[in-house]
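A short write-up of the structure that comes next.
Just so you know, all these numbers are worked out from the coordinates, no wet-lab data involved. Computed from a predicted model, the values in this text were never measured in an experiment. All Cβ positions, glycine included, derive from the backbone under ideal geometry; neighbour counts span all protein chains shown.
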Ligand SMILES: *Cc1c(COP(=O)(O)O)cnc(C)c1O
């Protein structure tokens, strides 16, 4: 009678000693690998895995890389996609993050051997791009920037804000709730669609700490509307001695020709704003961060506030942000500068590579996304496929995320770096039967 294979179940130590498994331990951590080995040995004892297949099963079950976040190909045409982590970092920013990961001179002056000021180069890079700001500071995200401004300048007092700017930015994040959570009372002026300077004027008294203008980043009000410009608010601010804080949201530092309605830090400061807040990972194209730019005295007060420490960015963010500000064009900037003819040429080549029976190149429209430019179409090109491929492509490796439009799956190339076109073609070929791809 043949020996029962279950009695030949290898020992845990023996499996862990296999060179491939040992290598996985170095990459993924011994505990993680050991847990998988135990699972597979359990199956082996139950006779579901042959003893000689144990190592192969362990290796097949282990993830290819540490961490559970998976890189995804963004073929949605939405440049700043909230669910895909907002702005993708430039290669330069990625390299800077990797270099900063170990011990770095983030708070050490290597010349003198003494303690150095944290983030000096990153602040200098930001200040260089926003020369109208007397000083700049960086915190954890846009909400932290606005929250710190409210906390340090207006706690226990009032902020005047237009009703049409009491906005929800995304996933339940509401600007008015953020402001109230730090002990500030809002004095709302105007109506949803209209507000005049006189409304602000009537609201000002000695309980008011500043006038706030918030850019409604993700919607537009059309029709019978009026709002008060930063210039007008700044005039009122000068007359009443109140700072004017402007939350521009997107992080544009200068005007962008494709997004004429999107506010930018330089223009807003020139118009007289005292302090501007913005995000780092929207149109700026960098890491999650909150930018504060404006009058030196105000920025100093924010930086010195005790709570500023709780909003401090780490060295990886400082590194990525500096490389974003002073390095080559970001993927977001490149997507905004993309030429539709070039995207169409890529779409045609890609459709051909996939198979003309399945794929066709079509004109499409991308969008800026959660980062700004609501309603601004970005002319683009896409590969159209049967919509049934949406799920298998999303579940593939790497996952390719497109969007279904008029019953077809569109893979929009606006947000796909050209270097990934072959990867996209391979991904589609893997999930589509060969006979369907022939003409
Ligand atoms: C996005 C946005 C915020 C929030 O910024 P986060 O970086 O997501 O915290 C605040 N205000 C406006 C106007 C925004 O567009």
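Out of the DSSP beta bridges found with both residues in the chain, what percent are antiparallel (nearest 5)?
60 percent
Can you tell me what share of the DSSP beta bridges in segment 91-327 is antiparallel? A percent to the nearest 5 is fine.
Roughly 45 percent of the DSSP beta bridges within segment 91-327 come out antiparallel.
Can you report the principal axis dimensions of segment 60-216 using only the alpha carbons, biggest first, rounded to whole angstrom?
Taking max minus min along each principal axis of the Cα atoms, segment 60-216 gives 63, 49, 28 Å.
With angles folded into 0 to 90 degrees, how steeply does helix 30-45 sit against the dominant principal axis of the chain? Use alpha carbons for both and round to 10.
40 degrees
Debye calculation, C-alpha points only, no solvent: report log10 I(q)/I(0) for segment 5-61 at q = 0.19, 0.21 Å⁻¹, in the same order as the q values.
-0.55, -0.67
Once label points are set 7 Å from the Cα along Cα→Cβ at both residue 404 and residue 98, what is their separation, rounded to one decimal in nm?
So the label points at residue 404 and residue 98 sit 3.8 nm apart.
Helix 142-154 against the longest principal axis of the chain: what's the angle in degrees, Cα atoms only, rounded to the nearest 10?
Long axis of 142-154 versus the principal axis of the chain: about 30 degrees.
Which order do peptides 323-335, 107-119 fall in by mean Cβ count within 10 Å, highest first?
Put in order of decreasing packing, that is 323-335, 107-119.
Just rank 173, 210, fewest to most, by other beta-carbon atoms within 10 angstrom.
So the ranking, lowest neighbour count to highest, is 173, 210.
Under a GNM of the chain (C-alpha, springs under 10 Å), which listed residue has the highest mean-square fluctuation: 34, 282, 213?
34
How would you order 248-255, 422-429 from highest to lowest mean count of nearby Cβ atoms within 10 Å?
Result, highest mean first: 248-255, 422-429.
Against the empirical 2.2 N^0.38 Å scaling, what ratio does the C-alpha Rg of the chain come to?
That ratio works out to 1.21.
Can you pull the semi-axes for segment 91-327, root of five times each eigenvalue of the Cα gyration tensor, sorted largest first, whole Å?
Semi-axis lengths for segment 91-327 are 32, 19, 16 Å.
Could you tell me the relative contact order of segment 5-61? Use alpha-carbon pairs under 8 Å, at least six residues apart, and round to a whole percent.
For segment 5-61, the relative contact order is 46 percent.
Computed FRET efficiency, Cβ-Cβ of residue 254 and residue 64, R0 56 Å: what is it to the nearest 0.05?
Taking R0 as 56 Å, the efficiency between residue 254 and residue 64 is 0.85.
R0 = 45 Å: FRET efficiency of residue 314 with residue 231, Cβ-based, nearest 0.05?
So the FRET efficiency works out to roughly 0.75.
Rounded to whole Å and ordered largest first, report the semi-axes of the equivalent ellipsoid of segment 320-361 derived from its Cα gyration tensor (root of 5λ).
Taking √(5λ) for each eigenvalue gives 32, 11, 6 Å, largest first.
Using the alpha-carbon atoms, what tilt in degrees (0 to 90, nearest 10) does helix 230-240 show relative to the longest principal axis of the chain?
Approximately 50 degrees, to the nearest 10.
If I take R0 = 25 Å and measure r between the Cβ atoms of residue 297 and residue 124 in this structure, what FRET efficiency does the formula 1/(1 + (r/R0)^6) give, to the nearest 0.05?
Rounded to the nearest 0.05, the efficiency is 0.80.
When the helix-only estimate is applied to the chain (DSSP H runs of n ≥ 4, each -39,500 (n - 2.57), divided by the residue count), what is the mean residue ellipticity at 222 nm, nearest 500 deg cm²/dmol?
-11000 deg cm²/dmol
Based on other C-beta atoms within 10 Å, arrange 261, 365, 322 from fewest to most.
By the 10 Å Cβ count, ascending: 261, 365, 322.
Determine the principal axes of the Cα atoms in segment 28-72, then give the extent along each, sorted from largest to smallest and rounded to whole angstroms.
37, 21, 13
Per 10 Å bin, what is the whole-percent P(r) computed from every C-alpha pair distance within segment 370-420?
Values per bin, smallest distances first: 23, 49, 27, 2.
Once each part is reduced to its C-alpha centroid, what is the distance from segment 292-308 to segment 32-63 in angstrom?
Going from one Cα centre to the other spans 56 Å.
Taking other Cβ within 10 Å of each residue's Cβ, how do 171, 132, 105 sort, fewest first?
So the ranking, lowest neighbour count to highest, is 171, 105, 132.
Convex hull over the Cα atoms of segment 1-153, averaged projected area in nm²?
Its Cα hull, projected and averaged over all orientations, spans 17.0 nm².
Residue 220 to residue 12: extension gain in nm, 0.36 nm per residue of separation minus the Cα-Cα distance?
Full-extension gain reported as 68.7 nm.
Could you quote the convex hull projected area for segment 346-400, Cα atoms only and averaged over all directions, in nm²?
Reported value for the Cα convex hull: 4.8 nm².
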